[in-house]
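To start, the structure under review is shown below, and the notes come after it.
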Amino acid sequence: MLIANIRDQTANMVKRASIDREELFRQVKARLGDRPFIVVSHREPYIHHLSGREITWNRPVGGLTEALDPLLRAAGGIWVAHGSGSADKKVVDVRDRVAVPPDSPEYTLRRVWLTPDEIAGFYLGFSNQALWPLCHIAFTAPVFREADWKTYRKVNRIFADAVLKESAGRRAVVLVQDYHFAMLPGILRKDAPDMTIGQFWHIPWPPYEVFRTCPWHEEIIAGMLGNDLLGFHIGDFCRNFVESAGHLPGAATDRRGVSIARDGRKTFVQPFPISVDFAGISGQSRRPEVRQEMERLSRRYRLDGKIVGIGLDRIDYTKGIPERLLALDKFLEDNPGYRGKVVFIQAGMPSRTDIGTYRDLARRVRRLIKDVNEKYTTGDWQPVISLTGQLSRETLGALRNLADFCVVSSLHDGMNLVAKEYVAARNDGDGVLVLSRFTGAAEELADAILINPFATNDFAARLKEALTMPETERRRRMKNMRRVVAGNDIFHWGAGIVSRLLEMAGA
């Protein structure tokens with residue numbers, strides 16, 4: 001009876017989410033009218049590849065595409081992004097445009113081309129060796145190189161020119177994505193004052209005392225104040241930005257701390273907690289292919305009868321993977337009765353391998369996994385299973401549903417969608433989420449077991465709590481978390497930020 005009720009509740013949540021999504025998009029399209037709607041991001045929503053002599057395409061997996069692709073379809077807008085695929089140049093027209101989705105075109109993808117040196121300075125350099133560690137405060141020193149900064153500004157100018165060409169002097173509504181384009185709003189504001197410009201910053205914003213260590217912090221903040229609307233995941237990041245902007249010459253913040261006035265105009269700062277496609281992930285978990293993959297993984301890794309835990313991460317120093325492995329080691333040391341009974345699957349996809357700190361981290365993770373396994377492995381049992389490389393949707397779905405507990409131990413994260421994906425996948429209403437307090441998701445998923453990943457002994461104790469939690473308590477907590485994620489899914493996030501931007505545009 002309990003499982004049947006859970007299935008009914010899940011079916012109702014999925015149905016409601018689908019209906020709400022269509023209504024949200026209908027409203028956004030009606031309010032846009034004839035205004036051009038332009039999205040700007042570094043990564044493109046569709047990529048064309050050469051496969052032998054044939055051209056193929058794929059849609060990268062990610063929350064940004066999931067949220068904004070349907071909105072662009074509804075609005076018939078334009079998405080400006082870096083063309084990175086091996087066949088991207090072969091399919092565009094003379095204006096570097098291609099209609100997408102390729103199998104059923106509904107909007108325009110405008111591709112921007114960058115040289116290897118521009119990618120190195122703009123993306124690998126300033127974006128990911130300066131801004132990324134600076135904003136995450138993950139105890140990895142940012143690298144501030146003048147050459148990278150100059151390239152970052154140059155690429156922001158290149159993207160701005162592409163947006164200006166696509167708007168063609170019309171009063172466009174522009175939504176800029178992420179930390180790659182801090183200077184872009186200011187450039188657009190200067191060259192097209194009538195544009196309505198918004199930006200969502202997908203990573204944390206640190207306190208002013210941290211951010212001002214960047215030699216060009218004033219230029220960055222000034223560029224971001226070109227926005228009408230600036231979104232972050234949570235209120236703390238909004239407050240940090242408002243405080244930082246308040247130190248800029250000529251800037252004034254309002255009493256409520258929700259806007260900054262400068263040069264005769266205002267930028268409003270607001271939290272928009274990003275989420276996942278609850279209906280899509282929930283539906284995927286019920287597919288026969290996922291059940292078959294669960295059976296395959298169980299046989300391959302001898303999981304039957306075991307307590308299974310998972311960690312699903314990019315190999316990034318913000319994710320707390322070494323801290324997780326140290327806590328697991330401490331748990332097995334303190335609780336010998338669980339040896340032979342618990343299997344932890346650490347699935348980590350290599351990331352930014354052109355950067356030395358990422359290569360060093362990958363080596364450290366491999367060494368820690370080896371150390372734990374050498375310390376505790378018996379003849380027919382190994383505590384940690386390492387999966388590397390890109391995993392299929394079926395494998396991800398299988399791992400989420402096999403796992404009795406999921407560990408998200410980020411040292412600092414804007415949101416962390418892995419936590420929400422695990423919750424969305426659990427149609428059975430069971431499972432325990434062990435979640436770092438230093439994620440944006442911790443503000444919404446209060447029924448997770450919250451941990452400090454730096455406190456190894458307490459982290460280990462919380463793992464034991466996850467393993468010993470009574471079933472009724474597990475289900476109560478999971479039911480609450482599923483309600484939260486279903487009620488604020490990725491489509492509500494996308495429609496919410498665009499709707500707020502349209503209010504500012506007078507639409």
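Annotations
- The DSSP beta bridges internal to the stretch 279-487 are antiparallel in roughly 5% of cases.
- Two-site label geometry, residue 191 and residue 106: point separation in nm, points 7 Å out along Cα→Cβ: 3.0
- Ellipsoid semi-axes for the stretch 435-507, based on the Cα gyration tensor and the rule √(5λ), read 35, 16, 6 Å when sorted largest first.
- Principal axes of the chain: Cα extent on each, largest first, Å: 69, 55, 46
- Available extension along the chain between residue 292 and residue 145 is 47.9 nm, counting 0.36 nm per residue and deducting the alpha carbon span.
- In the stretch 279-487, lysine pairs closer than 14 Å at Cα, eight or more apart or cross-chain: 5
- Calculated on alpha-carbon atoms, Rg and Dmax of the stretch 208-361 in Å: 23.2, 67
- Remark on the stretch 20-144: Rg and Dmax equal 17.0, 47 Å (Cα only).
- Ranking 446, 383, 230 by Cα position along the charge dipole of the chain, where only Lys, Arg, Asp and Glu carry charges on their C-beta atoms, puts 383 farthest toward the positive end.
- Full extension of the chain between residue 247 and residue 366 gives 38.5 nm of extra length, using 0.36 nm per residue less the Cα-Cα distance.
- Against the compact-protein benchmark of 2.2 N^0.38 Å, the Cα-based radius of gyration of the stretch 429-476 scales to 1.13.
- Pairwise centroid distance, computed over Cα atoms, of the stretch 273-322 with the stretch 462-485, Å: 17
- Gained length - residue 50 relative to residue 480, 0.36 nm times residue gap less alpha-carbon distance: 150.2 nm
- For the stretch 378-507, the Cα-based Rg and Dmax, in that order, read 17.1, 69 Å.
- Relative to the longest principal axis of the Cα atoms of the chain, the long axis of helix 490-505 lies at roughly 20 degrees.
- When the convex hull of its Cα atoms is viewed from all sides, the stretch 279-487 shows a mean projected area of 10.9 nm².
- Peptides 370-380, 263-273 ranked from most to least packed, by the mean per-residue count of other Cβ atoms within 10 Å: 263-273, 370-380.
- Put simply, the C-alpha atoms of the stretch 20-90 give a gyration tensor, and the ellipsoid matching it has half-axes of 27, 13, 10 Å, longest first.
Where a number appears in this text, it was derived from the coordinates with a stated rule and is not lab data. This structure is a prediction, so every number in the text was calculated from the model and none was measured. Glycine also receives a Cβ, built like all others from the backbone with ideal geometry; neighbour counts cover every protein chain displayed.
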